[in-house]
Every structure is written in C-alpha cells, then in structure tokens.
1. Of all residues in region 1-53, count the ones that are in a helix (DSSP H, G or I), within 20 Å of I115 (Cα to Cα) and open to solvent by 30 Å² or more (accessible area, probe 1.4 Å).
2. Open to solvent by 50 Å² or more (accessible area, probe 1.4 Å) and not in a loop (DSSP other than H, G, I, E, B): is that true of Q61 in this structure?
3. If I ask for residues that are touching a residue at least 40 places away in the same chain (Cβ under 8 Å), more than 15 Å from M154 (Cβ to Cβ) and in contact with a Leu (Cβ under 6 Å, 6 or more places away or on another chain), which ones from region 19-52 would you list?
4. So which residues in region 92-139 are more than 27 Å from D38 (Cβ to Cβ), open to solvent by 50 Å² or more (accessible area, probe 1.4 Å) and outside any helix (DSSP H, G or I)?
Amino acid sequence: MSLQSPVGSDHQLARLLQIGVVLEEVVEARATKHTESDAIDDDVRELLESAAAESERHREQLDGIIDELDADTIPFDEIQPLVEQQYEADQDFDGVLYDQLCNEETAYKFYDDLIDAIEQSDGTFSIDRDRLLDTLKTIRAEEEAGVEAVTELMEHGT
C-alpha cells in the first residue's frame with residue numbers, strides 16, 4: 001500500500017488512517033517522554049505538552065473516521081511501551097527540539113501525501129469525502145503550525 005497512488009477503497013483508506021493513528025501515538029509518546037526531562041526549559045516543555053495534546057486530538061479524530069469505516073486501530077497503551085523500549089530520548093535541548101521537528105515534519109508530509117492520494121482517487125468511500133478531506137487538511141495545517149513553532153524556538157535559542 002502506497003501513498004504514491006490514489007486511495008481506492010474503504011479498506012485501503014482505513015489502513016492509511018491507521019498509519020496516521022500510529023504516527024500520532026509515536027509523536028505523543030515521544031513528546032510526553034521528553035517532558036519528563038529536567039534539562040528542558042519551560043518554553044520547550046509547554047511546546048511538547050501542546051504537541052502531545054494535539055496528537056491525542058488528532059488520534060481521536062482519525063479514530064472517529066476509522067470507526068465509521070468499521071475498522072480497528074492499535075490502542076495507544078500498546079504502542080507507548082514499544083516506543084519507550086526502542087526510543088531513547090535525547091536529553092539535551094537541541095536533541096529534543098530536533099526530534100520534535102522531525103516528528104512534526106513527518107506528520108505533515110504523511111497528511112499532505114494522504115490528502116493528495118484521496119484527491120486523486122475516483123473511488124467512492126462510505127464516508128463523506130469533503131468532511132474527510134476537511135478533517136485531514138485541518139490536521140495537516142496544525143502539523144505545519146507545529147513545524148513553525150519548533151523552528152521558531154530553535155531559531156531563538158530558548
């Protein structure tokens with residue numbers, strides 16, 4: 001399954017949205033892990049807490065769409081321990097912000113590609129296409145704003 005081709009069925013759409021859910025779970029787990037560090041300042045902590053809350057909201061939005069497609073997702077409590085086992089969070093300032101920037105950019109690119117694949121599709125979905133695209137475009141815009149917020153913090157050397 002690739003985002004290089006149009007999305008053609010509910011099943012394919014559900015699987016791609018599940019990838020989005022897992023991506024949001026990883027972003028949320030990493031941001032939460034970084035907030036536990038004493039090496040970050042209040043501005044970085046606030047950015048990470050906001051990013052974790054945003055990822056949780058995105059997961060809920062994606063889960064709502066998937067529920068309409070009658071598909072299951074991977075529960076967050078199952079993915080978080082896997083992330084913690086395989087991901088050793090950088091504790092220095094630049095490493096934390098760089099990691100968050102990569103997370104935000106990855107999410108933005110995923111949603112941008114998914115939107116493009118849906119827009120190129122002639123397939124019919126069991127959910128309203130316009131509502132689906134509006135939701136995904138809102139999430140993409142929030143990821144873009146996240147990239148800008150992290151970049152601004154990095155530029156100002158907070």
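1. Adding up the residues that qualify gives 7.
2. Details: open to solvent by 50 Å² or more (accessible area, probe 1.4 Å): yes; not in a loop (DSSP other than H, G, I, E, B): yes.
The answer is yes for Q61.
3. Across region 19-52, the qualifying residues are G20, V21, A31.
4. Once the filter is applied, which keeps residues that are more than 27 Å from D38 (Cβ to Cβ), open to solvent by 50 Å² or more (accessible area, probe 1.4 Å) and outside any helix (DSSP H, G or I), region 92-139 yields Q120, D122, T124, S126, D128.
The values are calculated or read from the model by the stated rules, or taken from the named source; none is laboratory data. For clarity, every value in this text was computed on a predicted model and none was experimentally measured. Please note: Cβ atoms are built from the backbone with ideal geometry, for glycine as well, and neighbour counts cover all protein chains shown. Each accessible area value is taken on the protein alone, full model and side chains, heavy atoms only, with ligands, DNA and RNA left out. Shrake-Rupley method; radii C 1.70, N 1.55, O 1.52, S 1.80 Å.
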